[in-house]
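Novice: Okay, here's the structure, questions in a sec.
The values are calculated or read from the model by the stated rules, or taken from the named source; none is laboratory data. Just so it is clear, the structure is predicted and the values come from calculations on it, not from any experiment. In this analysis, Cβ positions are derived from the backbone assuming ideal geometry, glycine residues included, and neighbour counts consider all displayed protein chains.
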Amino acid sequence: MKKNISFLLAGVLLVTTLLSGCGGSSSGEGDKVLNIYNWTEYIPQEVYDQFEEETGIRVVESTFSSNEEMLAKLEAGGTDQYDLVVASNYVIDVMKEKNMIQTIDKDKIENITNISPSSMGMDYDPDNEYSIPFMATLTVIAINQEKCDELGVTINSFNDLLNPALENNIVVVDDSRELAAVALKATGQDPNSTDEATIEGALDWLNQLKTNIKAYDSDSPKTLLASNEVAVGLVYNMDAGQAIKENDQIKVVYTTEACEKSIDNFVITANSKNKEYAEEFINFVHRADVYKMILDEFPGVCLNDAAKELMDSSYLDNEGSNVDTAELDRANLIADVGEAATYYDDIFTKMKT
Amino acid sequence: MKHKWNNRLPMFVMIGPAFLWMAIFVLAPLCYVVGISFLSKDSSGGVMFPLTLASYFSLWNESFLTIFSRSLLLSLQTTIICLAVGYPFAYVIANAPKKHRGLLLLLIMLPFWINSVIRIYGWNTLLRQEGVINSVLMSIGIISSPLEMLYTDGAVLLGMVYELLPFTILPLYASIEKLDRSLLEAASDLGATKPHIFTRVIFPLTMPGIFAGSIQTFIPSLGLFYISEMMGGGSTMYIGNLIKNQFLSARNWPLGAALSLLLILITLVLMKLYTKVGSLEDMA
């Protein structure tokens, strides 16, 4: 019998070690830790290192590659494993509705005055109670001047993307909303439409665009642009910026229609145990010299006016990184479409069938 | 009573951990997927009550049918090419001197030490318009303008074959190696020509390996979504991409779950068909 018990104990021990392995690493007592859930390649490690040096708070970063992935993880795993999340504007409403996030004490964030007023107080959070803007992304058209001249193509409107001369010569982001938005705007519809018939109407335009698309690539479309393999790209501005750095023939062009933009924000999770750390970090990031450090590594759309003044010409002259502010203001803010996300995916699936 | 328990104890101890492992990491997630497929979708992603069969009804859809048949066709092509390439390959290894066999098998396994996404990315570097192959061909004057290799259906097929070839070769090797050489000698003594020996003796005897190899190639090939994204430019959708999109962009988890279950069902049917002609033990 004794033997049995020892076997049983061994079994229990095995199971508990197995299960405890899933619990994640626990940090030591008194260790100040801030858990951040962020997009991949958005904040360089040096920023975290300097933050720890100055405040003694260690930052642990986990990353995601789409808002949907982030939402799914927060929903499945609860919100207590992260303190600070970087979320795009169109998911803020959902996060509020589901009580995933809490209000932010703006008094703790003195550097809020550095943030460009044009990105504050947007519809999704009019008083910035829950969200503090971080950076923005503009979806732009980048062209390879030399190739476009060869093909005799000029892009003045989205309909010019349908030019048969561009056959198999466009790289686009692999995103149903972004592509549908282009189609909807080209046909004079609302790019945030939730109406099934309107959204389905975009399919026709997209099918015409399809023959011109060489690749759907959201991860590294700059490779195709920079290596002269495509004449035109519908890409995120940061990718355009990187392509411009590598190839001086790449230019950003704006059309009669407005671009799409999204604003990424800091939000604090509802169950965060380290709210003060999170606020301290937001304040830290919006300090001009720190924000500059981020832009130097990941040249996105700067929403920090004080940091912009510190930037040098390699950032300021790059029209992919330092996008036209008038165009940025004119751009359509991509909105949450709720149920209609399915319709967008439907036409995307049909387009690729 | 106590005696009986004592007899069974070793069994529990031996099988217990494996059983627990399977229960926690295979059975539980599977039940979760089955559960989700009967729920309604939540507009913000995720799922909610009430229970419904809606996802299963929406499976009947023309574009899904096209996507499934296209995926099955691609998998079939992959399997046939893998067999055609893998059979001679396995045959050569099985007939190599014994001391070299281990090394040759190791060489087949070697690529697994590198993440497959990175290996596929390597193909991108080779195949793209300004890639290695085009540059070499152009510099030695065989072609004057770069060939369009990447972002074509052919590139996807190449990627699939590359990724899955080892899974075809290993079972083939196992079954060819088991072949009793004296049977070949006997056939030869009885006057069979070499092609005859192959078609009448070797081929039928290695049939289990062929079946095992094709199943092990066909089934995983249905789920590989990143190859078509990376080498096909994401322009054609296959089952894997379709399922991935339901979870990550369409916010339709129930449909994604239902599609996954349909895929599992297809797999099970194939396995069942397989057991009619081969034995599951040959899979190893």
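Novice: Going through A:V85, A:V60 one at a time, which residue ends up being surrounded by fewer than 19 Cβ atoms within 10 Å (Cβ to Cβ), in a strand (DSSP E or B) and of a type in the set (A, V, I, L, M, F, W, C)? Give the steps one after another, and end with the answer.
Specialist: On the way: A:V85 fails: surrounded by fewer than 19 Cβ atoms within 10 Å (Cβ to Cβ).
The unique qualifying residue is A:V60.
Novice: Report whether or not B:S175 is among the polar types (S, T, N, Q), more than 14 Å from chain A (Cβ to nearest Cβ) and part of a helix (DSSP H, G or I). I'd like the intermediate steps shown before the answer.
Specialist: Numbers: among the polar types (S, T, N, Q): yes; more than 14 Å from chain A (Cβ to nearest Cβ): yes; part of a helix (DSSP H, G or I): yes.
So B:S175 passes the test.
Novice: Moving on to the next point. Please determine whether any residue of the stretch A:282-296 is in a helix (DSSP H, G or I), under 30 Å from A:N192 (Cα atoms) and among the aromatic types (F, W, Y).
Specialist: no
Novice: Take B:T52 and tell me if it is surrounded by 11 or more Cβ atoms within 10 Å (Cβ to Cβ), out of contact with any His (no Cβ under 9 Å at 6 or more places or on another chain), more than 13 Å from chain A (Cβ to nearest Cβ) and β-branched (V, I, T).
Specialist: Working: surrounded by 11 or more Cβ atoms within 10 Å (Cβ to Cβ): yes; out of contact with any His (no Cβ under 9 Å at 6 or more places or on another chain): yes; more than 13 Å from chain A (Cβ to nearest Cβ): yes; β-branched (V, I, T): yes.
Judged against the criteria, B:T52 is a match.
Novice: Does B:I36 qualify as being within 12 Å of chain A (Cβ to nearest Cβ), at pLDDT 90 or above and within 30 Å of A:Y343 (Cβ to Cβ)?
Specialist: Values: within 12 Å of chain A (Cβ to nearest Cβ): yes; at pLDDT 90 or above: yes; within 30 Å of A:Y343 (Cβ to Cβ): yes.
Criteria met by B:I36.
Novice: Here is a check on your reading of the model: is A:V47 in contact (Cβ under 8 Å) with a residue 24 or more places away in the chain, within 13 Å of chain B (Cβ to nearest Cβ) and surrounded by 17 or more Cβ atoms within 10 Å (Cβ to Cβ)?
Specialist: For A:V47, the condition - in contact (Cβ under 8 Å) with a residue 24 or more places away in the chain, within 13 Å of chain B (Cβ to nearest Cβ) and surrounded by 17 or more Cβ atoms within 10 Å (Cβ to Cβ) - is not met.
Novice: Restricting to the stretch B:247-284, give me the number of residues that are farther than 18 Å from B:G223 by Cβ and modelled with pLDDT of 90 or more.
Specialist: 1
Novice: Look at A:P221 and say whether it is surrounded by fewer than 24 Cβ atoms within 10 Å (Cβ to Cβ) and within 27 Å of A:A335 (Cβ to Cβ).
Specialist: On the way: surrounded by fewer than 24 Cβ atoms within 10 Å (Cβ to Cβ): no; within 27 Å of A:A335 (Cβ to Cβ): yes.
No, not satisfied.
Novice: If you don't mind, another one. Tally up the residues in the stretch B:218-240 that are without any contact (Cβ under 8 Å) to a residue 24 or more places away in the chain and surrounded by fewer than 24 Cβ atoms within 10 Å (Cβ to Cβ), please.
Specialist: 2
Novice: Check the stretch B:116-125 and report whether any residue there is of a type outside the set (G, A, S) and not in a helix (DSSP H, G or I). Explain how you work it out, then say what you get.
Specialist: Residues of the stretch B:116-125 that are of a type outside the set (G, A, S), as a first pass: B:117-121, B:123-125.
From the residues that got through so far, the ones that are not in a helix (DSSP H, G or I) too are none.
No: the stretch B:116-125 contains no residue that is of a type outside the set (G, A, S) and not in a helix (DSSP H, G or I).
Novice: Right, something else. Which members of the stretch A:207-238 meet the condition of being of a type outside the set (K, R), facing chain B (nearest Cβ under 9 Å) and in a helix (DSSP H, G or I)?
Specialist: Listed by number, the residues that qualify are A:T223, A:L224.
Novice: Of the conditions (1) touching a residue at least 60 places away in the same chain (Cβ under 8 Å); (2) more than 30 Å from A:K214 (Cβ to Cβ), B:A192 clears all except one; give me its number.
Specialist: In the conditions (1) touching a residue at least 60 places away in the same chain (Cβ under 8 Å); (2) more than 30 Å from A:K214 (Cβ to Cβ), B:A192 misses (1) alone.
Novice: May I ask you to list the residues in the stretch B:136-156 that are assigned to a helix (DSSP H, G or I), surrounded by fewer than 19 Cβ atoms within 10 Å (Cβ to Cβ) and of a type outside the set (D, E, K, R)? So that I can check it myself, show each step before the final result.
Specialist: Initially, the stretch B:136-156 is screened for residues assigned to a helix (DSSP H, G or I), giving B:136-139, B:153-156.
If we keep only those that are surrounded by fewer than 19 Cβ atoms within 10 Å (Cβ to Cβ) as well, we get B:136-139, B:153-154.
Within the stretch B:136-156, B:V136, B:L137, B:M138, B:S139, B:G154 meet the criteria.
Novice: Same structure again: Given the condition more than 20 Å from A:V85 (Cα to Cα) and either among the polar types (S, T, N, Q) or free of Cβ contacts under 8 Å to residues at least 24 places away in the same chain (or both), answer yes or no: does some residue in the stretch A:281-294 qualify?
Specialist: Checking the stretch A:281-294: at least one residue is more than 20 Å from A:V85 (Cα to Cα) and either among the polar types (S, T, N, Q) or free of Cβ contacts under 8 Å to residues at least 24 places away in the same chain (or both).
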